[in-house]
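K.L.:
A single structure is presented below for examination.
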Amino acid sequence: MAQRLVVPAEVVLYLHADLKSTDFVRPLVCALQTVLTAPVVTQTSSLRLGPELLATPAQFDVSKVAEVFIRTTAAEGSAPSFKYLIIPHDLKFEPLRYVFSTSFGDETTPHHVGVLSTARLDQGGEMTARRAYKLILKSIARVAGLRSPEACILSFPNSLDELDRKSSAFCPDDRATLIRAGILNAREGEKGTDCSAISQRGPAGLLVAAASGKP
């Protein structure tokens with residue numbers, strides 16, 4: 001029986017105001033736009049990360065952060081909107097000591113959300129973008145409802161070394177499933193992605209172009 005997958009109408013990256021380094025954003029958005037059929041846009045987030053959301057003195061409880069994020073962004077975007085909060089603070093998810101990111105939702109839920117931390121990923125724009133790309137692309141497949149075993153990009157990295165070593169591509173059968181569902185492009189790059197600009201939401205939800213600074 002074929003899997004019922006949710007096809008995102010858009011993928012929105014919410015960049016938290018606490019982020020000091022954002023040079024990874026342009027290559028990350030460009031890479032995602034190349035493989036996904038849905039538009040990828042960015043939006044600044046001023047979500048309050050108060051002490052009540054902490055799991056330890058130095059780590060936020062990712063489930064608590066996600067709960068607030070889901071609630072505060074529920075009315076935003078074009079459904080089904082896949083939303084990713086990117087923050088610079090370390091995250092914890094019991095029983096693990098830390099997590100790079102965590103996904104929330106599937107094909108049965110009204111929300112399709114992920115929370116990603118750059119605290120352990122940030123080593124310069126291109127490297128950070130590659131790491132975030134793997135985590136977000138895996139998450140998109142999972143919250144869309146893909147239930148395949150952990151392999152290729154779907155594998156779970158227990159360390160930064162494992163994240164760097166793991167594939168940035170789906171296994172052939174999973175890729176075919178996602179293409180048939182209309183989530184992945186059959187041929188990457190056919191949309192004519194312009195990597196010199198990023199789609200960004202204006203204050204009223206309007207999509208505007210954010211230049212990369214290149215001539």
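K.L.:
Under 8 Å for C-alpha pairs, at least 6 residues apart: give me the relative contact order for region 10-211, rounded to a whole percent.
P.N.:
Working: 329 pairs, mean separation 51.0, N = 202.
Rounded, it is 25 percent for region 10-211.
K.L.:
Which of rounded, prolate, oblate describes region 16-135, given a ≥ b ≥ c as roots of the alpha-carbon gyration tensor eigenvalues and a/c under 1.5 marking rounded, otherwise prolate only if a/b is larger than b/c?
P.N.:
Details: a/c = 1.60, a/b = 1.11, b/c = 1.45.
It comes out oblate by the Cα gyration axes.
K.L.:
Another question, if that's okay. Starting from the Cα of M127, move 7 Å in the Cα-to-Cβ direction to define the label point; list residues of region 1-35 whose amide nitrogen is under 18 Å from there.
P.N.:
20-28
K.L.:
At what distance in nm do the modelled label points of R165 and T44 sit from each other, each positioned 7 Å from its Cα along Cα→Cβ?
P.N.:
4.1 nm
K.L.:
Let's see if you can work this out: charge +1 on each Lys and Arg Cβ, -1 on each Asp and Glu Cβ, no other charges. What is the dipole magnitude of the chain about its Cα centre, in debye to the nearest 20? The partial results should precede the final answer.
P.N.:
Working: 24 positive and 22 negative charges, 39 e Å.
Once rounded to the nearest 20, the dipole reads 180 debye.
K.L.:
Would you calculate the volume per residue, in Å³, of the smallest convex hull containing every Cα atom of the chain? Mind showing how you got there, number by number?
P.N.:
Details: hull volume 27.1 nm³, N = 215.
In the chain, the Cα hull volume divided by residue count equals 126 Å³.
K.L.:
Now for a different question. What range in the chain is the longest one free of trypsin sites (Lys or Arg not before Pro) that are in a loop by DSSP and have at most 15 other Cβ atoms within 10 angstrom? Don't skip to the answer; put the middle values down first.
P.N.:
Working: sites that count: R4, K20, R48, R97, R120, R147, R187, K191.
Of all site-free stretches, the longest is 49-96.
K.L.:
So, one more: May I have the count of lysine pairs in the chain with C-alpha atoms under 23 Å apart, counting pairs 8 or more residues apart or located on different chains?
P.N.:
Number of lysine pairs found: 20.
K.L.:
Within 10 Å of each residue's Cβ, count the other Cβ atoms and sort E94, E76 from fewest upward. Write down the numbers at each step before the final one.
P.N.:
Numbers: E94 10, E76 14.
Lowest to highest Cβ neighbour count: E94, E76.
K.L.:
For E76 and R187 in the same chain, what is the full-extension length gain: residue separation times 0.36 nm, less their Cα-Cα distance, in nm? Walk me through the numbers before you get to the answer.
P.N.:
Values: separation 111, 0.36 × 111 = 39.96 nm, distance 3.01 nm.
Length gained, E76 through R187: 36.9 nm.
Computed from the coordinates by the stated procedures, all read-outs in this text should not be read as laboratory data. Predicted model only: the values in this text are computed from it and were never measured. Note that each Cβ is placed from the backbone with ideal geometry, even for glycine, and that neighbours are counted across all protein chains shown.
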